[in-house]
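Worksheet: the structure to be examined is printed underneath.
Quick note: the coordinates plus some simple rules give every number you see, no bench work behind them. Please read all numbers here as calculations on a predicted model, not as lab measurements. Don't worry about glycine lacking a Cβ; one is built from the backbone with ideal geometry, like all the others, and counts go over all protein chains shown.
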Amino acid sequence: MHKCNLDVEISKLSKIEGHADLDIKIRDGKLEEVNLKVMENVRFFNQAAVGMNANAVPQLVSRICGTCSIAHLTGCIEAVEKTLGILPSEQTMLLRKLTVYSMMIRDHALHLYFFVMPDMLGIDSLLDVPDDKHDLIHDALAVKEAGNNLSELVAGRAVHAPFEQVGGFSREIDAAKVPEIVTQLKNIRPTVLKLIDIFANCDWKFERKTNFVALVTPDFSFLEGKIKSSDGKEIEEKDYWDHLHQVVLPYSQAAGFDFDGKEYMVGALARLNLNKKNLHKSTKRDAAKYLAKFPSENVYDNNLAQAIEILHSIDHSVEILEKNKFVKESPAKPAKLSGKGAGAIEAPRGTLYYALEIEEGKAKSLKLVIPTAQNLVNMKKDVEQIVSGLCATGTDKEELEKKIIFEVSKLIRAYDPCMSCASHFLRVRWK
Amino acid sequence: MPEKSKKRVGIFSLTCDEGCSIMLTEIFNKKLVGWLEKMELVYFLAVKNHTDFHNLDIALVEGVVTSKKDREMIEKIRKNTKVLIAMGMCAMTALPSGQRNNFNIGQLKEIEGHLEKYDFLPKALALKEAVKVDDEIMGCPIDEEKFVGVFEKYL
């Protein structure tokens, strides 16, 4: 075995959301240190929200993240509503499900086609795809567009959706446009089944015993349910914070978390591991052979799980749109103007928790827990195991560096991390 | 392979939520195939790792100049591009990163350790406060029609 010293520095990891660096230190052929550094500059939303009209906070925190803005908007709206005793109507809940599904379709598609697929094809970018696989670019754009158009129909826009508000939606769905959207969703179904098959046949494997945590919802709609873990815990959404502990990561603008003292993974893989029985019946029928893979401890099955979630999001959206007539409604009213409350939803990358304190209609404090921050400790431990394994193969230094960069980037991408989000956390006191 | 007749385009994100980049990937749904006949995308970390940002014809920049690193980056982009376009409200107005510019003493006290540790500038800046900007695209995120209108002028 070579006893090499090697410092691997990956600066600005590409094909993820936001900016992250990774430093790996190897001494005498052994891994000494992994530093995963979230380099996204903090924008101090927690502080800025204080004193704002509580109804305006959701549109502000939407700006935490471009790609999953709908998750921040929806999660924060839920926290405001729970704090002030606002009960959204049945129709509002259906519209919220559609809004979240529209995000899942386009956000997962962006990750799978543009971030992950190039590693599978051995190319740098999907834009460099060889001519015989050019259909993949068209598939990617068609699936994303169907999600984007569903966002526009229900919530006005895919990024920073204007119609979704505290207590309800500010505009009703344009019924004349529904058939076209339904057709578009049905048309991409075969494309998504092809995508599922591609990821089911991917031979990437990385396993390390860990704990999976997700909000388990009765119709797999990402919004209301109980938080469960693969080691058998079951808790209410509002109590989630009590089970989390912040882990400070040196040199990083984000902090990590553990759940009841253990590192854990949130996201599509956790959801499928804990809740596949509640997927839409059409999804279960057509993806049956792929669903047999879950529960899975292979981190790369997070990609397969996302692809299956796209199918579910299509199937449930089509059912909601076909079975319901949407009417104009006025927003639900608050029962009080002061209080403390919290809510959790499943964002594309995992459980997103918002807690608020409101006084006379104004935000007094805001705290949030972001999926990527929850995955950071798990991700770091996975990277350590991969690098230790590669060191033990005795590959020469140059080859080892190349392999580490490729394998580690590939693994981190499988988590679909979002660094823009991860840099937003509670307060950390420096020094 | 570099193609001389195509415009070299780079897409950059400073401090922000990258919502304009995401919106741009949605605008791509209909427009990308046509635009690729006229442009070569040489820098866009969201979709590619191999990056080169010398001799750019068009740089699209989203986000705010909030740290010394951001300032170095925007100066480097400016030096290497013919046209620099500020994309979205962050780049145009410095908000919401610039929320901190108006913080009171109590709020500033809470964040001062972080500002110092990560080399933040005293104030968060819009792009035009740091370098010369040739054009701007409004919206949070960018408005599709405005983007197409401005971008195609230079393509």
Practice task
Give the distance, in whole Å, between the Cα centre of the stretch A:152-204 and the Cα centre of the stretch A:292-338.
Solution key: 10
Fill in the blank from the handout: PRE zone check, label point 7 Å out along Cα-to-Cβ of residue A:324, amide N under 12 Å, scope the stretch A:67-97, hits A:89-97
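Between residue A:23 and residue A:288, what FRET efficiency comes out of the Förster formula 1/(1 + (r/R0)^6) with R0 = 35 Å and r the beta carbon distance, rounded to 0.05?
0.20
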Problem - Greater than 20 Å apart at Cα, pairs in A:397/B:48; A:25/B:48; A:15/B:117; A:12/A:37; A:205/A:281 - result: A:397/B:48; A:25/B:48; A:15/B:117; A:205/A:281
Practice task
Could you work out how far apart the two model spin labels at residue A:243 and residue A:397 are, taking each label as a point 7 Å from the Cα in the direction of the beta carbon, and quote it in nm?
Solution key: 4.7
Problem - Long-range amide H partners of residue A:165 with built H, under 5 Å - result: A:170
Problem - Candidates A:125, A:102, A:313, ranked by Gaussian network fluctuation over chain A, Cα under 10 Å, top entry - result: A:125
Problem - chain B, relative contact order [Cα under 8 Å, separation at least 6], % - result: 27
Exercise for the section: Round to a whole angstrom and tell me the spacing of the C-alpha centers of the stretch B:81-155 and the stretch A:87-121. Expected result: 28
Handout entry: Acute angle (nearest 10 degrees) that the helix A:301-323 long axis makes with the longest principal axis of chain A, alpha-carbon atoms
Key = 20
Practice task
Can you tell me how much longer the chain between residue B:134 and residue B:110 gets when fully stretched, taken as 0.36 nm per residue apart minus their C-alpha distance, in nm with one decimal?
Solution key: 5.0 nm
Exercise for the section: Mind sorting A:420, A:338, B:5, B:13 by how few other Cβ atoms lie within 10 Å of their own Cβ, fewest first? Expected result: B:5, A:338, B:13, A:420
Fill in the blank from the handout: Filtered hits (lysines, Cα-Cα < 19 Å from residue A:328, offset >= 8 within chain) -> A:97, A:177
Practice task
Calculate the length of the line joining the C-alpha centroid of the stretch A:263-278 to that of the stretch A:132-148, in whole Å.
Solution key: 26
Problem - GNM result for chain A, Cα springs below 10 Å: residue of A:398, A:357, A:236 fluctuating most strongly - result: A:398
Practice task
Assuming a ≥ b ≥ c are the square roots of the Cα gyration tensor eigenvalues, decide whether the protein assembly as shown counts as rounded (a/c under 1.5), prolate (otherwise, with a/b larger than b/c) or oblate.
Solution key: rounded
Problem - Cross-link partners of residue A:133 among aspartates and glutamates (Cα-Cα below 17 Å; sequence separation of 8 or more within a chain) - result: A:119, A:124, A:197
Exercise for the section: With label points built 7 Å along Cα→Cβ from the Cα atoms of residue B:155 and residue A:93, find their separation and express it in nm. Expected result: 4.4
Practice task
Can you give me the three principal axis dimensions of chain B from its C-alpha atoms, in Å, biggest first?
Solution key: 54, 29, 26
Fill in the blank from the handout: The pairs in A:194/A:410; A:262/A:340; A:82/A:233; A:186/A:284; A:276/A:380; A:333/A:367 lying past 18 Å Cα-Cα in this model are A:194/A:410; A:262/A:340; A:82/A:233; A:276/A:380; A:333/A:367
Problem - At R0 = 41 Å, FRET efficiency that the Cβ-Cβ distance of residue B:53 and residue A:207 yields, to 0.05 - result: 0.60
Practice task
Hand me the chymotrypsin sites (Phe, Trp or Tyr not before Pro) from the stretch A:246-283 located in a DSSP loop with no more than 15 other Cβ atoms within 10 Å, in residue order please.
Solution key: A:251
Fill in the blank from the handout: From DSSP H assignment alone, runs of 4+ in the protein assembly as shown each adding -39500 (n - 2.57), the sum over residues rounded to the nearest 500 puts [θ] at 222 nm at -13000 deg cm²/dmol
